[in-house]
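Engineer: First the structure, which I've put down as structure tokens, then a few questions once you've had a look.
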Protein chains: 2
Amino acid sequence: MIDKNLDLLFKSIKPINRVKKIGIDSALNEILAENVMVEKNLPSFDNAALDGYAFNYSDKNSDIKIVGTIYTGDKNIYTLGKNEAYRIMTGAMMPKNSDTIVEFEKAIVKDDILKIDSSIKKNNAYRYTGEEVKRGETLLVKGELLTAAKIMFLASQGINEVTIYEKPKIASFSSGDEIIEPWEKASEYEIYNANSSGIQAILKNSNFKSSYKGIIKDTYESTLNALRNSGDYDVIITSGGASKGDHDFMKECLLELGYEEIFSHINVRPGKPTGVYKKDSKLVFILPGNPMAAFLIAFLIVVPALKQISGQNISNHKKIVARFDGNINLKEQRSNLVLGVYKDGKFKTINNNKFGSGMIKPLVVANALYVSKVGESKLEDGRLLEIIMLY
Amino acid sequence: MIDKNLDLLFKSIKPINRVKKIGIDSALNEILAENVMVEKNLPSFDNAALDGYAFNYSDKNSDIKIVGTIYTGDKNIYTLGKNEAYRIMTGAMMPKNSDTIVEFEKAIVKDDILKIDSSIKKNNAYRYTGEEVKRGETLLVKGELLTAAKIMFLASQGINEVTIYEKPKIASFSSGDEIIEPWEKASEYEIYNANSSGIQAILKNSNFKSSYKGIIKDTYESTLNALRNSGDYDVIITSGGASKGDHDFMKECLLELGYEEIFSHINVRPGKPTGVYKKDSKLVFILPGNPMAAFLIAFLIVVPALKQISGQNISNHKKIVARFDGNINLKEQRSNLVLGVYKDGKFKTINNNKFGSGMIKPLVVANALYVSKVGESKLEDGRLLEIIMLY
């Protein structure tokens, strides 16, 4: 973990544990809230893996008479007599007494008589009942993210509904007298609220939705009102109002409302003025006002926290190994968030990691992130790094 | 490209080029249909990068009098006299005649008199108008996928609406007499339609939506009717009905309806019986009935084709470099889709790449895919591979 403060955060999180049933067609990227057992053997009957002829391997040296065709979907049960075979289509049920398929391409057939080439092995192209999964086995477990393949797996079982965890209800705010919403018109001396759009998009990428509740003006009253009116939400995310300037009322108001501080800063740059507060099961994330910091902290810390709140069993970011391309120095007394471009196995920083800390453009150019540990003073060319893909 | 047939496909695709305007709050992962120019300099005025004191660097050796405070959001213009400084908050407008900030932590202040430490450099913590982007520059270009950072970049410009490409209208079917929908009840001798759920989930993961239109029974009439009734769709995706069994009416019906075959198979396993047909701007993908093959071909071929149809400027899969862990043989006369697990920089196949070709479980376990080239007969331990992440 980047900072021991974050350990405190992740230890203090309790999943909200509200569940609902939904159809599998809506369940992609949702989090399973139950163990799912195999209900149907896969395959559920012995069947042909290829189009060909089903026969009994003990007849392999005889002339075998082709007595009919079994089509996929035919529910009749056929039985082979001695030295008999059926033509059979992929997926069709094997006739009784058959144990092997010779595919059309390798079958020697003349006048409805089949001869078996010596290269054919017993049980060729024969799919056995339950060889993939057997009734009573565990198919999927509670806390799993439902990927596309898992949705397909559920469908193959005739499981059309699953119980999933509801996502936390999230309210998001921006704060600051200086910001204007993107749908308003800012003068030269005003800046647009980029943070809210960026944070909402990051949450959406991980299948979380926040209700945007507007800009909190820099007064004690408006901060207190905004927090008081968010009683229905599990999580509140604000940005701005967390640095050391004169006008930061957020902490004061949270303590007034009975929140407990988990931390008010982390040893990470950008992102230092990140605070997290807690009251019962409710969490408040105060992200930096600096857009780059707000974006990266939302990605790196808020999203995994939300996954954990949602009951997901794996909440940390997937990492890939890349070779560092370049040479940069790092401030070793803190963790540094190093933006870069991953390509062809290499990770390269943007402009040698030199750019304004409040910029958005480097985030647009980057596709990956390296998080340095405290004590790391440089990254040398050729070093292997574990990086996190942003996209 | 895996197979020259696929080159034919990708060369023949014409973007549908229908556009619409949407709010940026809905634009995540949509495809931009216009070039977007910078409208507002970023920063749009000279401002403080840190909380501190704004002064003129030529006064650095004098006693500097602190004459007031400039808060973030204050639109008044302040001017420094000789040997004067303002307290200033991060993001606040620099006073005229100032060129440098000394942050609170490094400022030497006593009785409203500021002294400057020799370690402070000229222009410290001073953000200049337009240093990130300048009015008239290109911000984003047509065909770009709108990532979270790009949404934030647009918001920072006060651009609240963008023109995006509409996605193709997609109809999907399954085919086969033997399959039962997951919401119905299959007997032991019937199998559930897993393909449709899997394919729809894969499309959804890439922000495409298909309308599922049901199972086409294995007759000429029902196949023809299904195709005829899909006139409103840009793309039709079916699975099943493409192998060499007796009951495959799909091709026959497509030719009857005036479609032209782009190809009826590809030299890939699993996935060989994949066909693509074309009529004017309309495409029909016939995916294999085998669930694993249907899933992988939807992921590997259909999704990039849909991106290209949608006007996305980059349609191919992102690849990462991994070290192969294991030793397996490949059939060199074709391209092999090798499922595996990527972890800690290594890629390892599932059960030494031995499992039934129609299974779904290996897809659930795998998180990455290697696509071998024709002529590759093995993968040796330690070899560097370019793999595609499935999730």
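Engineer: Looking at the stretch A:13-24, which of its residues are within 12 Å of chain B (Cβ to nearest Cβ) and either crowded, with 18+ Cβ neighbours inside 10 Å or among the aliphatic types (A, V, I, L, M) (or both)?
Structural biologist: A:24
Engineer: OK, next. For the stretch A:55-72, check the following and say yes or no: at least one residue is within 11 Å of chain B (Cβ to nearest Cβ), at positive phi and crowded, with 19+ Cβ neighbours inside 10 Å.
Structural biologist: No, there is no match, as no residue in the stretch A:55-72 is within 11 Å of chain B (Cβ to nearest Cβ), at positive phi and crowded, with 19+ Cβ neighbours inside 10 Å.
Engineer: For the stretch B:147-171, give me the residue count where each residue is hydroxyl-bearing (Ser, Thr, Tyr) and either without any contact (Cβ under 8 Å) to a residue 40 or more places away in the chain or under 16 Å from residue A:200 (Cα atoms) (or both).
Structural biologist: 2
Engineer: Also: Applying the selection to the stretch B:211-248, what residues are out of contact with any His (no Cβ under 9 Å at 6 or more places or on another chain), within 13 Å of another protein chain (Cβ to nearest Cβ) and either more than 21 Å from residue B:302 (Cβ to Cβ) or modelled with pLDDT of 90 or more (or both)?
Structural biologist: Within the stretch B:211-248, B:211, B:212, B:215, B:216, B:217, B:239, B:244, B:245, B:246, B:247 meet the criteria.
Engineer: Something else: Restricting to the stretch B:298-312, count the residues that are within 19 Å of residue B:173 (Cβ to Cβ) and either away from every other protein chain (no Cβ under 13 Å) or among the charged types (D, E, K, R) (or both).
Structural biologist: Total satisfying the criteria: 4.
Every residue, every condition in (1) polar (S, T, N, Q); (2) touching a Leu at 6+ places or on another chain (Cβ under 9 Å); (3) surrounded by fewer than 17 Cβ atoms within 10 Å (Cβ to Cβ), yes or no:
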{"position": "A:312", "(1), (2), (3)": "yes, yes, no"}
{"position": "A:315", "(1), (2), (3)": "yes, yes, no"}
{"position": "A:322", "(1), (2), (3)": "no, yes, no"}
{"position": "A:330", "(1), (2), (3)": "no, yes, no"}
{"position": "A:335", "(1), (2), (3)": "yes, no, no"}
{"position": "A:351", "(1), (2), (3)": "yes, no, yes"}
{"position": "A:372", "(1), (2), (3)": "yes, yes, no"}
{"position": "A:375", "(1), (2), (3)": "no, no, yes"}
{"position": "A:387", "(1), (2), (3)": "no, yes, no"}
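Engineer: Please work out which residue is surrounded by the fewest Cβ atoms within 10 Å (Cβ to Cβ), limiting yourself to the stretch B:73-89 and to residues that are β-branched (Val, Ile, Thr) and farther than 14 Å from residue B:101 by Cα.
Structural biologist: B:79
Engineer: Let me ask you something else. Go through the stretch A:172-202 and count every residue that is touching a residue at least 12 places away in the same chain (Cβ under 8 Å), outside any loop (DSSP other than H, G, I, E, B) and either surrounded by fewer than 18 Cβ atoms within 10 Å (Cβ to Cβ) or at the interface with another protein chain (Cβ under 7 Å from one of its Cβ atoms) (or both).
Structural biologist: Count: 7.
Engineer: Another question, if that's okay. Among the residues of the stretch A:278-292, which ones are crowded, with 24+ Cβ neighbours inside 10 Å and either among the aromatic types (Phe, Trp, Tyr) or not in a strand (DSSP E or B) (or both)?
Structural biologist: Scanning the stretch A:278-292 gives A:285, A:288, A:289, A:290, A:291, A:292.
Engineer: So for the stretch B:243-262 (the condition being assigned to a loop (DSSP other than H, G, I, E, B), touching a Phe, Trp or Tyr at 6+ places or on another chain (Cβ under 9 Å) and among the hydroxyl-bearing types (Ser, Thr, Tyr)), does at least one residue qualify?
Structural biologist: Checked the stretch B:243-262: at least one residue is assigned to a loop (DSSP other than H, G, I, E, B), touching a Phe, Trp or Tyr at 6+ places or on another chain (Cβ under 9 Å) and among the hydroxyl-bearing types (Ser, Thr, Tyr).
Engineer: Here's a follow-up. Given the condition crowded, with 23+ Cβ neighbours inside 10 Å, out of contact with any Leu (no Cβ under 6 Å at 6 or more places or on another chain), modelled with pLDDT under 95 and not in a strand (DSSP E or B), answer yes or no: does some residue in the stretch A:301-309 qualify?
Structural biologist: no
Engineer: Residue check: is residue B:364 free of Cβ contacts under 8 Å to residues at least 12 places away in the same chain and within 14 Å of chain A (Cβ to nearest Cβ)?
Structural biologist: Against the criterion (free of Cβ contacts under 8 Å to residues at least 12 places away in the same chain and within 14 Å of chain A (Cβ to nearest Cβ)), residue B:364 qualifies.
The values are calculated or read from the model by the stated rules, or taken from the named source; none is laboratory data. Everything numeric in this text was worked out from a predicted model, so none of it was measured. Note that we place each Cβ from the backbone using ideal geometry, even for glycine, and neighbour counts take in every protein chain shown.
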